[in-house]
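Chemist: Next up is a structure, given as structure tokens.
The values are calculated or read from the model by the stated rules, or taken from the named source; none is laboratory data. Since the model is a prediction, treat every value here as computed from it, not as a measurement. All Cβ positions, even for glycine, are placed from backbone atoms using ideal geometry, and neighbour counts span all protein chains on display. When the accessible area is computed, the model is the full protein with side chains, heavy atoms only, and any ligands, DNA or RNA have been set aside. Shrake-Rupley method; radii C 1.70, N 1.55, O 1.52, S 1.80 Å.
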Amino acid sequence: MTRPLKRWLARNSLASHIALASALFGLIVAGGAVAVAFWALAQQLEARSTAELESKREPLKHVLAEIPSRQAVLQNRHRFDDLLIGHDDLHLALVDPSSGQAIASFSPVALQSVAARDAGSEDGTTIRVWSALGGERLRTIGGTGLTANGESVGYYLSLDRRRDSRLLTGFVKATIVVLPLLLLVVALGAWLIARAALSPLRRFNRLAASIGAQSLGQRLSSTTLPTELAELATEFNGMLDRINEGYKRLQEFSGNLAHEMRTPVATLLGRTQVAMSQMRSAEDLQGVLEGNIEELERLSLLISDMLFIASADAQENPTHGEHLELADETQRVADYLSLIAEERGITVAVKGTAEVTADRLLVQRAITNLVSNAIRHAYSNSTVSVVIAQEDGNATLKVTNKGDGIAPAHLERIFDRFYRIDSGRARRDGGTGLGLAIVRSIMSSHGGSVMVRSSQGGETTFTLTFPVTVVARQAVAKH
């Protein structure tokens, strides 16, 4: 494909592409059809000329048989003229087979057929094609007949093919005139059909152009579309659904983030303004600064958690897989949180074992978030149990505590960012509302999942599931 054609295709519509392709395809098909038709017509004309010559052979032999002798041929010339009446394109020459001299010639062209007889076969019976001096193209059949006394007379019966040539020439000329017009009609028809068939795409274009922040609820109807475009409309509507859902989540996230950041910023601003409203002692200013540091640490933690979730969702920081024993990692977390647990009389019990290939720091952070969350919401003087198991290639880690439980209405949103069942208590405990959202992001980055099951006034269990592929990788590395 040449560069100008590529540029033309790039600048023009799909309907124009289809019209051009249809015209080119039509040219190939029509050209092939014309070539076959020309060949078939030529063969038919050849067969007709042969049949016409053959049809005159027997009457010619019959006339020769009725002539007394070879010398009487010229006296019976009228009988041969009668044989050729109505056939201006037939030419007859009679010769003496022994000498090759012409006995009678009924046209100048016929005499030339005698001179050109060497172009035929030796027996002179083969049908041959030759050109006369005037440019006429002739087809000649030769042979030998017997007079009444048994003398041999050679004959050359020729058929002028000029009418056949004119017919073939007219066919070619008509094709040259009609074929471009036919291809133009085909291209125009293909363009109109393609333009009508592609009208749903223009609806797609108008809908895409009208989509905005306030119109994400618009959808394409696929009931009147062909199968291919119906599938495209379904996928397009699915894309709009995902964009709409993501936009709503982004709006909700932006509102929550602004709300979460407003509280520590307002606190910092209020304390600072109060401290500066009048002269303060060094001790008072130090107390204000210490309080500001706490708020700044909370704000810094919030920003750090948000950056972590954003990075995990975008998969900007790939996980570094290494062989881990979940029981060992969980025990390290339990030891790290032991002081917090002892303050409330809570015991952390770790049971079971399982091996996975995962990022050590991320797995530790996920376990820390779940265990610290379980300690924070467990009844005093109770036990938080962590049960680890490996079954059917899946490694699971279940963190269970006894507490007030989680209402069913909260279970579906418990892993959403900034979602808190008791926002006041969470802020007093220093939480940001992102702990469980971080756990979900960590498990997603490992191809795993996190689930929760709870009964009010009973047990709440969070389950981390590492998939078969993660567990399988470590098995292969181990061997």
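Chemist: Of the numbered conditions (1) polar (S, T, N, Q); (2) touching a strand residue (DSSP E or B) at 6+ places or on another chain (Cβ under 6 Å); (3) not in a strand (DSSP E or B), SER158 satisfies every one except a single condition; which is it?
Modeler: Here SER158 clears every test but (3).
Chemist: Here's something else I'd like to know. Taking the residues in the range 116-150 that are open to solvent by 50 Å² or more (accessible area, probe 1.4 Å) and at pLDDT 80 or above as candidates, determine which candidate is farthest from LEU83 (Cα to Cα).
Modeler: ASN149
Chemist: Another question, if that's okay. Looking only at the range 272-292, count every residue that is of a type in the set (A, V, I, L, M) and open to solvent by 90 Å² or more (accessible area, probe 1.4 Å) and tell me the total.
Modeler: 3
Chemist: Which residue out of SER254, SER221, SER165 is assigned to a loop (DSSP other than H, G, I, E, B) and either among the hydroxyl-bearing types (Ser, Thr, Tyr) or at pLDDT 75 or above (or both)?
Modeler: Criteria check complete, one pass: SER221.
Chemist: Name the single residue that is modelled with the highest pLDDT among those in the range 198-216 being over 27 Å from the mean Cα position of the chain (by Cα) and open to solvent by less than 90 Å² (accessible area, probe 1.4 Å).
Modeler: GLY212
Here is a yes/no grid of residues against (1) under 29 Å from ILE303 (Cα atoms); (2) touching an Asp or Glu at 6+ places or on another chain (Cβ under 6 Å); (3) at pLDDT below 80; (4) surrounded by 14 or more Cβ atoms within 10 Å (Cβ to Cβ):
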| residue | (1), (2), (3), (4) |
| --- | --- |
| ILE414 | yes, no, yes, yes |
| TYR419 | yes, no, yes, yes |
| ALA426 | yes, no, yes, yes |
| THR432 | yes, yes, yes, yes |
| ILE442 | yes, no, no, yes |
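Chemist: Scan the range 164-197 for residues that are within 22 Å of the chain's Cα centre (by Cα) and of a type in the set (D, E, K, R) and jot them down.
Modeler: Residue satisfying the conditions is ARG195 alone.
Chemist: Right, another one. Which one is surrounded by the most Cβ atoms within 10 Å (Cβ to Cβ), of the residues in the range 43-84 that are touching a Ser or Thr at 6+ places or on another chain (Cβ under 8 Å) and farther than 20 Å from THR140 by Cβ?
Modeler: The qualifying residue surrounded by the most Cβ atoms within 10 Å (Cβ to Cβ) is ILE67.
Chemist: I would also like to ask the following. Tally up the residues in the range 326-337 that are open to solvent by less than 40 Å² (accessible area, probe 1.4 Å) and not in a loop (DSSP other than H, G, I, E, B), please.
Modeler: The total comes to 6.
Table: residues versus (1) among the hydroxyl-bearing types (Ser, Thr, Tyr); (2) touching a His at 6+ places or on another chain (Cβ under 7 Å); (3) surrounded by fewer than 19 Cβ atoms within 10 Å (Cβ to Cβ).
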{"site": "ALA358", "(1), (2), (3)": "no, yes, no"}
{"site": "LEU361", "(1), (2), (3)": "no, no, yes"}
{"site": "ALA366", "(1), (2), (3)": "no, no, no"}
{"site": "ASN369", "(1), (2), (3)": "no, no, no"}
{"site": "ASN381", "(1), (2), (3)": "no, no, yes"}
{"site": "VAL387", "(1), (2), (3)": "no, no, yes"}
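Chemist: For the range 169-179, state whether one or more residues are farther than 30 Å from GLU54 by Cα, aliphatic (A, V, I, L, M), open to solvent by less than 80 Å² (accessible area, probe 1.4 Å) and touching a helix residue (DSSP H, G or I) at 6+ places or on another chain (Cβ under 9 Å).
Modeler: Looking for residues that are farther than 30 Å from GLU54 by Cα, aliphatic (A, V, I, L, M), open to solvent by less than 80 Å² (accessible area, probe 1.4 Å) and touching a helix residue (DSSP H, G or I) at 6+ places or on another chain (Cβ under 9 Å), one finds at least one in the range 169-179, hence yes.
Chemist: What number of residues within the range 181-197 are surrounded by fewer than 13 Cβ atoms within 10 Å (Cβ to Cβ) and either in contact with a Lys or Arg (Cβ under 6 Å, 6 or more places away or on another chain) or under 13 Å from SER16 (Cβ atoms) (or both)?
Modeler: Number of matching residues: 1.
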